[in-house]
């Protein structure tokens, strides 16, 4: 009887010591080590890839934002603020009309098939809006110029990037709205275009938030 109790006690004590050691190693030492390495090697990414403007955090380069005007009475959705480069369509993006505030709403795709009548109607409406919004005196957007990412949302609905084609399509409108020369806006887009990783992975892209931060500086500089 005594030996049984003694054996049980030893097992409990061994288990408690293992628990304490693993708690310290896995719950304290390992997280601190990983955090320290992350901060030393890739601090910007470890902290959420924050984008700053005027000393303030205006968002993350990993999460898209929308640029809209204040919601008018009688409208269900706010109109786009055409002074800024527009992201991909999405009902999941937070609103940010002046690039200083951000509020995340929801995330998700439309979950509709390619032959869904409602999705087709959305795409047609979006394409018409892109053509109308980006056609300015001396520059007319043709239907064939509108890339797919201008009229469809991403799987998450929070894609922070657009294609260089969509960014270039918006150049003339941005120049006209901000009283800038077209070639200056074109250089701005070119300077914020990221190529394929390692030269062959992924697609070229333009981060909309970073581009609009640079646009604000160019327009007010």
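Side notes on the structure shown:
- The criterion of being in contact with a strand residue (DSSP E or B) (Cβ under 7 Å, 6 or more places away or on another chain) and either on the phi > 0 side of the Ramachandran plot or not assigned by TED's automatic domain parsing to the domain that holds residue 148 (or both) does not hold for residue 66.
- Breaking point among (1) assigned to a loop (DSSP other than H, G, I, E, B); (2) surrounded by 11 or more Cβ atoms within 10 Å (Cβ to Cβ); (3) modelled with pLDDT under 90, for residue 141: (3)
- Where residue 111 falls short, out of the listed (1) at pLDDT 95 or above; (2) out of contact with any helix residue (DSSP H, G or I) (no Cβ under 9 Å at 6 or more places or on another chain): (1)
- Of all residues making up the stretch 60-82, the number that are surrounded by 15 or more Cβ atoms within 10 Å (Cβ to Cβ) and touching a residue at least 24 places away in the same chain (Cβ under 8 Å): 11
- Test: residue in the stretch 16-34 that is under 28 Å from residue 64 (Cα atoms), touching a helix residue (DSSP H, G or I) at 6+ places or on another chain (Cβ under 9 Å) and surrounded by 11 or more Cβ atoms within 10 Å (Cβ to Cβ): no
- Search result, residues across the stretch 149-169 that are farther than 17 Å from residue 66 by Cβ and either in contact with a helix residue (DSSP H, G or I) (Cβ under 9 Å, 6 or more places away or on another chain) or surrounded by 19 or more Cβ atoms within 10 Å (Cβ to Cβ) (or both): 163, 164, 165, 168, 169
- Scanning the stretch 39-55 for residues that are over 12 Å from the mean Cα position of the chain (by Cα) and surrounded by 10 or more Cβ atoms within 10 Å (Cβ to Cβ) gives 39, 42, 44, 45, 46, 47, 52, 53, 54.
- So residue 175, is it in contact with a strand residue (DSSP E or B) (Cβ under 9 Å, 6 or more places away or on another chain) and either under 22 Å from residue 215 (Cβ atoms) or in contact (Cβ under 8 Å) with a residue 24 or more places away in the chain (or both): yes
The values are calculated or read from the model by the stated rules, or taken from the named source; none is laboratory data. Keep in mind that this is a model prediction, so the values were computed, not measured. Heads up, the Cβs are rebuilt from the backbone with ideal geometry, glycines too, and the neighbour counts pull from every protein chain shown.
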